[in-house]
Amino acid sequence: MDYLSSSPRPSAAIELRLLLGMVLLGLLSFDLVSCRGIDWFLLKRSLHGKFNDISWITTSQLADRLAEKNCPPPVLLDVRTPAEFKVSHLKGARQVDPKADAQSAAAGIAKDAPIVTYCSVGYRSGAMAERLRAAGYTHVQNLEGSIFQWANEHRPLVRDGEPVTRVHPFNAIWGRLLAPEVRAPLPKK
């Protein structure tokens, strides 16, 4: 009797399940950075769709503008809470309440001054940029990727005038967009 020929061959359905399981395992084993990249792509598309009437500036464009010696830097408005700002912010940034009206947020700023708004990922600062534009501020740009992308690219941050490397993660869900080495711990409640 031939035992090899009598052993049942796995059905096509079982083979398909094994194949799908291996593919799923492969997808799950991708580095978190890959997932972060997909999350960023979807988030940026969503933000550009929501705030399609405002101007955007990339982190590299802002870094270049801040490094220019012959041109005054834009006014940086950090549209996060005081607790977030206290962990870190861009050098020279001014913290403004995310719910502030345009006149309060831009008090003392000329209507034609270059302004760059930023927050954690771009939503709160996008809303502020819209309010500023509606109030007659003519050179307002929102930082694409905001402070999370800035920090992920290891660009300079400060706290109390001293260099730091970590950013307030806003919350556990949004904090996933930060690379682990730049994610500050969430404050205990």
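Here, each number is a calculation from the coordinates, and none is a lab measurement. The model shown is predicted, which means the values in this text are computed figures rather than measured ones. Neighbour counts run over all protein chains shown; Cβ positions are idealised from the backbone, glycine included.
Numbers for the structure displayed
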read-out: Pair-distance profile P(r), taking every C-alpha pair of region 54-182, with 5 angstrom steps and integer %; value: 2, 12, 23, 25, 21, 12, 5, 1, 0
read-out: 5 angstrom amide H check on residue 95, placed H, neighbours 5+ away; value: 78
read-out: Per-residue Cβ neighbour rank within 10 angstrom, fewest leading, 78, 112; value: 112, 78
read-out: Under 5 Å, built H, 5+ apart or other chain: amide partners of residue 116; value: 75, 76, 77, 141
read-out: Of 50/111; 44/91; 44/69; 99/188; 50/91, those spanning more than 26 Å from alpha-carbon to alpha-carbon; value: 44/69; 50/91
read-out: For region 119-132, Karplus couplings with θ = phi - 60° (6.51, -1.76, 1.60), whole Hz, Gly/Pro x; value: 9, 6, 10, x, 6, 5, 6, x, 5, 5, 4, 4, 5, 5
read-out: Net lengthening on full extension, residue 134/residue 188 (0.36 nm per residue, minus Cα-Cα); value: 15.6 nm
read-out: Largest-first principal axis extents of the Cα set of region 44-88 (Å); value: 35, 28, 15
